[in-house]
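Only one structure is covered here, and it is reproduced in the block below.
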């Protein structure tokens with residue numbers, strides 16, 4: 001599921017004409033769908049999709065559309081709040097770096 005979302009967002013990023021309403025609407029709608037889907041997922045499901053979700057976040061930073069970036073940040077916040085505390089330092093570091101990149105992006 002997350003890989004499909006990533007593929008759709010990748011197509012939007014690669015698109016030359018990013019101003020058409022269908023493309024910007026598509027990225028926002030697919031991210032809203034993902035957000036709702038992840039809200040209903042169990043903790044174990046969230047742990048399983050961690051690497052795919054973080055990969056989506058990293059690729060999503062390339063989007064140049066504030067509503068989509070905001071939704072990615074909302075998804076990341078929701079994910080961080082709903083997963084159990086990770087003891088793995090690598091996992092924590094990866095989440096911290098991803099959050100840091102979003103903060104940098106929004107501070108510009």
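Observations
- The distance between label points at residue 39 and residue 74 comes to 0.8 nm (points 7 Å beyond Cα on the Cα→Cβ vector).
- Theoretical gain in end-to-end length, residue 105 to residue 91 [0.36 nm per residue, Cα-Cα removed]: 2.9 nm
- In the chain, helices alone account for a calculated mean residue ellipticity at 222 nm of -25500 deg cm²/dmol, with every DSSP H run of four or more residues adding -39,500 (n - 2.57).
- With q set to 0.15, 0.19, 0.26, 0.29 Å⁻¹, the log10 of I(q)/I(0) for the range 42-89, from the Debye formula over equal scatterers at the Cα positions, is -0.42, -0.64, -1.00, -1.13.
- Rel. contact order, % - alpha carbon contacts under 8 angstrom, at least six apart, the chain: 32
- Spin-label model, residue 62 to residue 11: label points 7 Å out along the Cα-to-beta-carbon direction sit 1.5 nm apart.
- Descending semi-axes in whole angstrom, ellipsoid equivalent of the range 67-108, from the Cα gyration tensor: 20, 13, 5
- √(5λ) per eigenvalue of the Cα gyration tensor, the chain, largest first, Å: 24, 16, 11
Each value in this text was obtained by applying a stated rule to the coordinates, not by laboratory testing. All of these numbers come straight from a predicted model, not from anything done at the bench. For neighbour counting, all protein chains shown are included, and Cβ atoms are generated from backbone atoms with ideal geometry for every residue, glycine included.
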